[in-house]
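Have a look at the structure below, then the notes.
The values are calculated or read from the model by the stated rules, or taken from the named source; none is laboratory data. None of the values given here were measured: they were computed from a predicted structure. Don't worry about glycine lacking a Cβ; one is built from the backbone with ideal geometry, like all the others, and counts go over all protein chains shown.
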Amino acid sequence: MPTSKRGFASMDPEKQRAIARKGGESVPNEKRSFAQNPSLAAAAGRKGGMSVSPAKRSFAQNHELASVAGRKGGFASHQPPRRVAAPS
């Protein structure tokens, strides 16, 4: 099955990094308010969390579910990367 030669994902990884780097450089340090003010970042995170209805805040309602998800994420982040078989 042929893949598209268009789009960010089909670019050379080095070219992807160069483009991503430009995005990070586009905002001067003094304008990066979350980097300068962690309490502002925390307040924004809380505000985002409050925009979800209480019935849909499954981790807030079920701490065991949150614990399981955290362990799962931690386990996944410490595994060697999976090897994907080359297409035949």
Legend entry - Hey, SER39 surrounded by fewer than 10 Cβ atoms within 10 Å (Cβ to Cβ), of a type in the set (S, T, N, Q) and in a helix (DSSP H, G or I) or not: yes
Inset, instruction - Determine whether PRO2 is modelled with pLDDT of 85 or more, exposed (fewer than 10 other Cβ atoms within 10 Å of the Cβ) and either out of contact with any His (no Cβ under 9 Å at 6 or more places or on another chain) or not basic (Lys, Arg) (or both). - result: no
